[in-house]
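Encoded as structure tokens, the structure appears first; notes follow it.
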Amino acid sequence: MTTKDDKCRAAIAARLSRAEGQMRGIRKMMEEERDCVDILRQLAAIDGAIRATARMIVARHLESCLGRAAESEADRVRIMRELSDMFGRFS
């Protein structure tokens, strides 16, 4: 049976693999002396993907570790949403 943690880890691994592939693509673009604007667009895409992955990791950490401190399920959900939104804004 696949747990929520397993699914989250798989999703994070997939995102990191895609970013790794994008980095190899950028290296190739550099070797081919492609236009700087195209390379910068790809770098911006990777930056966004990495930041989104980091937010996933933070959200999962909050849910699995810090969320246990809430007294009720409703409190836990509310706290997790608030913290996740906050980290999303500032990451």
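Looking at Met80, is it in contact with a Leu (Cβ under 8 Å, 6 or more places away or on another chain), surrounded by 10 or more Cβ atoms within 10 Å (Cβ to Cβ) and in a helix (DSSP H, G or I)? Taking the combined requirement at face value, the residue satisfies it. Whether any residue in segment 5-21 is under 20 Å from the mean Cα position of the chain (by Cα) and over 25 Å from His61 (Cβ atoms) is what I want to check. The answer is yes, given that some residue of segment 5-21 is under 20 Å from the mean Cα position of the chain (by Cα) and over 25 Å from His61 (Cβ atoms).
Is it the case that segment 47-60 has a residue that's more than 12 Å from the chain's Cα centre (by Cα) and either surrounded by 11 or more Cβ atoms within 10 Å (Cβ to Cβ) or free of Cβ contacts under 8 Å to residues at least 60 places away in the same chain (or both)? No, there is no match, as no residue in segment 47-60 is more than 12 Å from the chain's Cα centre (by Cα) and either surrounded by 11 or more Cβ atoms within 10 Å (Cβ to Cβ) or free of Cβ contacts under 8 Å to residues at least 60 places away in the same chain (or both). When segment 2-19 is filtered for residues that are out of contact with any Lys or Arg (no Cβ under 7 Å at 6 or more places or on another chain) and either modelled with pLDDT of 95 or more or not charged (D, E, K, R) (or both), the ones remaining, listed by number, are Thr2, Thr3, Ala10, Ala11, Ile12, Ala13, Ala14, Leu16, Ser17, Ala19.
Residues that are surrounded by fewer than 12 Cβ atoms within 10 Å (Cβ to Cβ) and part of a helix (DSSP H, G or I) within segment 26-40 comprise Arg27, Lys28, Met30, Glu31, Cys36, Val37, Asp38, Leu40, listed in sequence order.
Restricting Glu63, Glu71 to those that are acidic (Asp, Glu), modelled with pLDDT under 85 and surrounded by 13 or more Cβ atoms within 10 Å (Cβ to Cβ) reduces the list to Glu63. For Ser91, the stated conditions hold: it is in contact with a helix residue (DSSP H, G or I) (Cβ under 7 Å, 6 or more places away or on another chain), at pLDDT below 85 and exposed (fewer than 11 other Cβ atoms within 10 Å of the Cβ).
The values are calculated or read from the model by the stated rules, or taken from the named source; none is laboratory data. Bear in mind the structure is a predicted one, so any value in this text is a computation, not a measurement. Here Cβ is always computed from backbone atoms with ideal geometry, including for glycine, and neighbour counts include all displayed protein chains.
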